[in-house]
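K.L.:
I have a structure I would like to understand better, so I am pasting it below and will then ask my questions one at a time.
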Amino acid sequence: MFMRTYSPGPPLDECIDRFWLFSDTPPHPRERILPSGTVQLVINLSDDEIRIFDPSAPATARPRRYSGAAVSGPYSNFFLIDPLVHASIIGVHFRPGRAVPVLGVPASELADAHVDLEALWGRTAAELRERLCTATAPAKRFAVLEEVLLGRLRRARPRHGAIPVALDAFEQADAAVKVRDLARQVGLSQRRFIQLFTAEVGLTPKLYGRVRRFQRARELVRNETEPDWAAVAAACGFFDQSHLIRDFGEFSGLSPMAYQNQRSKHVLLNHVPWVG
């Protein structure tokens, strides 16, 4: 497996957590991608195609096909990919609620969906993919991405100051965050706050909070061999262990124990081999 990451400098670092470049031919035909509440830009460097499967559809169902440059919106459930087709791919992992200035569309329009980058950027999408395919060195590819995304960020409008405050509250909380309290904290009506948050982040505040709580639990047990799930539930703000199990099932399609049993097979962050 070949894996490289790169963290861009200011001001892109305010919007982007990392660039990543991955090459591999895994033995499994499917991978489940777990929801994280974030947006990613993915570009296939080998085939001009990205395939997404619905986990609720029969195994023989055809995938949804997108061009080789696509945006993966903030999902509230897991989806499946074909890792054999995606064996050489580069991506941009945006920080929560920070993709709008670069992509140029409300994140709510990308929720639970993949969108061809061409639908958002026109010919620039194909030109970007061509430049990335031509530049074979990882450093050069990251430099191309940084140049293009920085140019788009410089033309972006300022974002509402309430959203960073709310996102920070969700990351620091060890218990459920009440939407009405957040709205009051940032000086907005609850209705207006939900509208702004959903447009910037792509998920409602309540759903985003649940996804991030699931992610905290997943991160907490990443290096544990026999987690105390009751303690994990308490540390991450779940009502009890049953609550944690229900959310784990909803967001990953796995029980906490089944997820943990597969941890040695995990390939990338939020990627889990599909054995269904």
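K.L.:
Give me the residue from segment 1-20 that is modelled with pLDDT of 95 or more and aliphatic (A, V, I, L, M) and, out of that set, surrounded by the most Cβ atoms within 10 Å (Cβ to Cβ).
P.N.:
Looking at residues that are modelled with pLDDT of 95 or more and aliphatic (A, V, I, L, M), I get I16.
K.L.:
Output the residues belonging to segment 77-94 that are among the polar types (S, T, N, Q) and either part of a strand (DSSP E or B) or buried (at least 19 other Cβ atoms within 10 Å of the Cβ) (or both).
P.N.:
The one that is among the polar types (S, T, N, Q) and either part of a strand (DSSP E or B) or buried (at least 19 other Cβ atoms within 10 Å of the Cβ) (or both): S88.
K.L.:
Continuing with this model, one more query. Let me confirm something: among A125, A119, A199, A135, which residue is in contact (Cβ under 8 Å) with a residue 40 or more places away in the chain, surrounded by fewer than 19 Cβ atoms within 10 Å (Cβ to Cβ) and among the hydrophobic types (A, V, I, L, M, F, W, C)?
P.N.:
Numbers: A125 fails: surrounded by fewer than 19 Cβ atoms within 10 Å (Cβ to Cβ); A119 fails: in contact (Cβ under 8 Å) with a residue 40 or more places away in the chain; A135 fails: in contact (Cβ under 8 Å) with a residue 40 or more places away in the chain.
Only one candidate qualifies: A199.
K.L.:
Assess whether L182 counts as being outside any loop (DSSP other than H, G, I, E, B), more than 20 Å from the chain's Cα centre (by Cα) and buried (at least 17 other Cβ atoms within 10 Å of the Cβ). Don't jump to the end; show me each part of the working.
P.N.:
Numbers: outside any loop (DSSP other than H, G, I, E, B): yes; more than 20 Å from the chain's Cα centre (by Cα): yes; buried (at least 17 other Cβ atoms within 10 Å of the Cβ): yes.
When the stated conditions are applied, L182 passes them.
K.L.:
In segment 3-37, what residues are in contact with a Phe, Trp or Tyr (Cβ under 9 Å, 6 or more places away or on another chain) and assigned to a loop (DSSP other than H, G, I, E, B)?
P.N.:
Answer for segment 3-37, where residues must be in contact with a Phe, Trp or Tyr (Cβ under 9 Å, 6 or more places away or on another chain) and assigned to a loop (DSSP other than H, G, I, E, B): S7, P8, C15, D24, H28, P29, R30, L34, P35, S36, G37.
K.L.:
Follow-up. Based on this model, can you work out whether V165 counts as buried (at least 18 other Cβ atoms within 10 Å of the Cβ), at pLDDT below 95 and in contact with a helix residue (DSSP H, G or I) (Cβ under 9 Å, 6 or more places away or on another chain)?
P.N.:
When the stated conditions are applied, V165 does not pass them.
K.L.:
Another question, if that's okay. Within the group R218, R159, which residue is assigned to a helix (DSSP H, G or I), on the phi < 0 side of the Ramachandran plot and basic (K, R)?
P.N.:
When all the criteria are applied, what remains is R218.
K.L.:
Could you list, ordered by first residue, the pairs with Cβ atoms under 7 Å in which the first is in segment 1-25 and closer than 19 Å to P273 by Cα and among the small types (G, A, S) and the second is modelled with pLDDT under 95 and in a loop (DSSP other than H, G, I, E, B), at least 6 apart or interchain?
P.N.:
Here the result reads S23/A87, each pair linking segment 1-25 to a residue that is modelled with pLDDT under 95 and in a loop (DSSP other than H, G, I, E, B).
The values are calculated or read from the model by the stated rules, or taken from the named source; none is laboratory data. Note that this is a predicted model, so its numbers are computed, not measured. Positions of Cβ are backbone-derived with ideal geometry, glycine not excepted, and every protein chain shown enters the neighbour counts.
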